[in-house]
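Asks: Please find one structure pasted underneath; my questions will follow.
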């Protein structure tokens, strides 16, 4: 794909030294790092030098790897999109949406000196009954766990506004799927919010809030709604979402994209090979 579409690669001057590690190798190694559970880049490169030199003859030093990876965020996002759209799951007519914390440091000194100041902020996660400092990953995915759209915001960003921004940022997402259904939790509420979704052609299913009458589809909601929690748990427990190690805006962004791409690649591969569980990472984590 990258040979056929060289415009996806990061910009480089026409005259210069070609990189010894190709962009395709860089993305492949980034996915392998996430799937194999290496949260330390230095430790990952030591492992790759010891066990993967027959596949990747050249491996950069940690500082060079870090710079290449940070400059490749758009490339990783593009590969993620290409893999997601290459599955039948992309056209599913039911999505689930939720947000999950992406912690970016705990100490007060880190908060004061961090390059993420102004973006990362203090927030509260009701699902885990804890306060945290960092960001939120807002994820829209299919019932099989395939990421469709996502956004990284501050911890206090309103979930409803972020969902509307996600859907309006790429009008083709909804234009290609009239009557799309979205499953959400009680935080996605409000008459004006639902009217805006209806205008976009989206049907919202969520549980009734206290004092509201029973809503349509409530009998289906509970078993299906738990799926998004399971997807978030896959990102956190198996792909170490909150152990990303990023300290700058570009660093955090590409490391979150790295994990989303790893999940997408696993779902894509399982779909292509007819595996019964699309989101299973067992075949890739050792």
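None of the figures in this text is laboratory data; all of them are computed from the coordinates on show. Keep in mind that what you see is a predicted model, and the values were worked out from it rather than measured. Neighbour counts run over all protein chains shown; Cβ positions are idealised from the backbone, glycine included.
Asks: In the Gaussian network model of the chain, springs joining C-alpha atoms below 10 Å, which of 143, 55, 69 carries the largest mean-square fluctuation?
Replies: Looking only at 143, 55, 69, the biggest GNM fluctuation is shown by 55.
Asks: Which percentage, to the nearest 5, of the DSSP beta bridges contained in region 138-235 is antiparallel?
Replies: Close to 50 percent.
Asks: Under the Kirkwood approximation applied to all pairs of distinct alpha-carbon atoms, what is the hydrodynamic radius of the chain in Å?
Replies: 20.3 Å
Asks: Go from 0 up to the bin containing the longest alpha carbon distance in region 193-280, width 10 Å each, and give me the % of pairs per bin.
Replies: Final binned percentages: 14, 28, 29, 26, 3.
Asks: Short version: what are the Cα gyration tensor semi-axes of region 44-172, square root of 5 times each eigenvalue, largest first, in whole Å?
Replies: Equivalent-ellipsoid dimensions as semi-axes: 29, 25, 14 Å.
Asks: Right, another one. Would you mind calculating the relative contact order of the chain from Cα pairs under 8 angstrom and at least 6 residues apart, reporting the percent as a whole number?
Replies: Answer for the chain is 23 percent.
Asks: Going from the alpha-carbon gyration tensor of region 63-115, what semi-axes, largest first and in whole Å, does one get by taking the root of 5 times each eigenvalue?
Replies: Those come to 32, 21, 6 Å.
Asks: Per the Cauchy relation, a quarter of the hull surface: what is the mean projected area of the convex hull of the alpha carbons in region 92-243, in nm²?
Replies: Mean orientational projected area (region 92-243, Cα hull): 9.8 nm².
Asks: While we're looking at this one, here's another question. Give the dimensionless ratio obtained when the Cα radius of gyration of region 5-49 is divided by 2.2 N^0.38 Å.
Replies: Against the compact-globule rule of thumb, the ratio is 1.40.
Asks: Let me know the Kirkwood hydrodynamic radius for region 136-201, please, with Cα pairs as the basis and the value in Å to one decimal.
Replies: Hydrodynamic radius (Kirkwood, Cα only) of region 136-201 equals 12.6 Å.
Asks: Which of these, 259, 136, 68, has the largest mean-square fluctuation under a Gaussian network model of the chain (Cα springs below 10 Å)?
Replies: Among 259, 136, 68, the largest mean-square fluctuation in the Gaussian network model of the chain belongs to 68.
Asks: Can you figure out the FRET efficiency of residue 165 with residue 283, using R₀ = 51 Å and their beta-carbon distance, to the nearest 0.05?
Replies: Result of the calculation: an efficiency of 0.90.
Asks: How much FRET efficiency would the formula 1/(1 + (r/R0)^6) give for residue 55 and residue 126, where r is the Cβ-Cβ distance and R0 is 41 Å, rounded to 0.05?
Replies: Approximately 0.40, to the nearest 0.05.
Asks: What length, rounded to one decimal in nm, is gained on full extension from residue 20 through to residue 210, with 0.36 nm per residue of separation minus their alpha-carbon distance?
Replies: Stretched out fully, the residue 20 to residue 210 stretch lengthens by 62.4 nm.
Asks: Please figure out what share of the DSSP beta bridges in the chain is antiparallel and state it in percent, rounded to the nearest 5.
Replies: Antiparallel: roughly 70 percent of the beta bridges in the chain.
Asks: Considering the chain as a Gaussian network with a 10 Å cut-off on Cα pairs, which listed residue, 245, 154, 274, attains the greatest mean-square fluctuation?
Replies: Comparing 245, 154, 274 in a Gaussian network model of the chain, the most mobile one is 274.
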